[in-house]
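First comes the structure, then the notes that go with it.
The values are calculated or read from the model by the stated rules, or taken from the named source; none is laboratory data. Keep in mind it's a predicted model, so treat the numbers as computed, not measured. Counting neighbours? That spans all protein chains shown, and the Cβs are built from the backbone with ideal geometry, glycine included. Only protein heavy atoms, including side chains, enter the accessible area calculation; ligands, DNA and RNA are left aside. Shrake-Rupley method; radii C 1.70, N 1.55, O 1.52, S 1.80 Å.
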Amino acid sequence: QVQLVESGGGLVQPGGSLRLSCAASGFTFKNYAMSWYRQTPGKERELVAFITRGGRSTNYADSVKGRFTISRDNAKNTVYLQMNSLKPEDTAVYYCHAEFGGWGQGTQVTVSS
């Protein structure tokens with residue numbers, strides 16, 4: 001069965017960093033583009049970062065450009081989100097998404113002093 005399992009979330013102070021991981025299984029990982037989304041209670045889920053199947057191209061929400069980096073290791077069936085210079089407005093549940101429609105359960109990121 002398809003599984004996307006996020007990890008790496010937690011509580012961090014403003015200006016700090018976190019590295020999220022999404023471990024994929026149950027499908028041919030290298031054949032699908034992957035994304036990170038985030039969602040705050042009361043708001044719609046928003047696209048944060050996107051990476052093509054080979055990892056050669058990426059795209060980011062304007063709000064995270066220059067601070068976040070998406071990457072993938074197809075040999076490990078894992079996609080990452082390196083989050084630097086974190087701000088309180090980055091607080092959200094972060095979800096991994098595969099382009100065929102699969103979602104992980106999410107990992108909480110809280111940025112607070």
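Data overview
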quantity	calculated
Under the Karplus curve 6.51 cos²θ - 1.76 cosθ + 1.60, θ = phi - 60°, whole-Hz ³J(HN,Hα) for segment 11-26, x wherever Gly or Pro sits	9, 9, 6, x, x, x, 10, 9, 10, 8, 10, 10, 8, 10, 7, x
Equivalent ellipsoid, segment 1-65 (semi-axes from 5 times Cα gyration tensor eigenvalues, Å)	22, 16, 13
Summed residue charge, Cβ within 13 Å of Phe29's Cβ, Lys/Arg positive, Asp/Glu negative	+2
Kirkwood hydrodynamic radius (C-alpha pairs) into Stokes-Einstein, segment 56-100, 20 °C and 1.002 mPa s, D in µm²/s	178 µm²/s
Apportionment of accessible area to carbon and sulfur, the chain, percent (1.4 Å)	44 percent
Whole-number accessible area per residue in Å² for the chain, which is evaluated in the context of all protein chains at 1.4 Å	54 Å²
More than 23 Å apart - percent of Cα-Cα pairs taken over segment 5-113	20 percent
Whole-number percent relative contact order across the chain, with pairs defined as alpha carbons under 8 Å at least 6 apart	37 percent
